[in-house]
Amino acid sequence: MTTVDTNLAIGLGFQPGMVVQEIGYDDDVDQELREAIEQVTGTDLVDGEYDKVADAVVLWFRSADGDLTDALVDAFASMEEVGSILLLTPKSGVDGYVEPSEIGEASTTAGLVQTKAINAGKRWNGSRLITPKGAAKLR
């Protein structure tokens with residue numbers, strides 16, 4: 001893990017003490033990004049079976065994972081009203097690629113606002129999504 005990874009995690013809004021739920025973990029995820037988030041928060045990522053409220057969600061999503069809108073709604077249901085979802089999708093040319101238009105449409109339908117798109121590693125792009133209440137706090 002590098003300082004760049006840690007700075008990326010901080011730039012995405014992760015803070016010490018946050019509970020971050022990870023959904024969609026598989027062998028293809030970016031381990032350095034996961035470790036950077038854990039280093040910044042000072043806690044291990046909790047899995048999809050976590051039944052308490054999370055401060056943020058990291059959602060690894062591939063085109064074969066089903067309906068993105070449903071995945072976002074489910075992810076939002078497990079976090080604070082003003083939390084954020086880091087949606088990570090494979091880059092163009094990587095198996096499981098998700099079109100940006102699909103991300104935009106699914107986010108809007110799920111009632112979320114995209115605040116930034118990022119390069120999240122060699123194989124992953126990221127989109128930081130927040131609730132409209134969270135967007136109001138940013139103004």
Only unsatisfied item for P16, checking (1) in contact with a Pro (Cβ under 6 Å, 6 or more places away or on another chain); (2) of a type outside the set (A, V, I, L, M); (3) within 16 Å of D5 (Cα to Cα), is (1)
Reported set for segment 50-107 where residues are among the polar types (S, T, N, Q) and surrounded by 21 or more Cβ atoms within 10 Å (Cβ to Cβ) is S84, T89
Identify the single condition in (1) closer than 22 Å to T115 by Cα; (2) touching a residue at least 40 places away in the same chain (Cβ under 8 Å) that E32 does not satisfy, given that it satisfies every other one. (1)
Listed by first then second residue, the pairs whose first member lies in segment 98-113 and is under 12 Å from D70 (Cα atoms) and without any contact (Cβ under 8 Å) to a residue 40 or more places away in the chain, whose partner is part of a helix (DSSP H, G or I) and of a type in the set (D, E), with beta carbons under 9 Å and at least 6 positions apart or on separate chains, are A106/D70
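None of the figures in this text is laboratory data; all of them are computed from the coordinates on show. Only a predicted model underlies this, so the values are computations on that prediction, with no experimental measurement involved. Cβ sites come from the backbone with ideal geometry, for glycine too, and all protein chains shown count toward neighbours.
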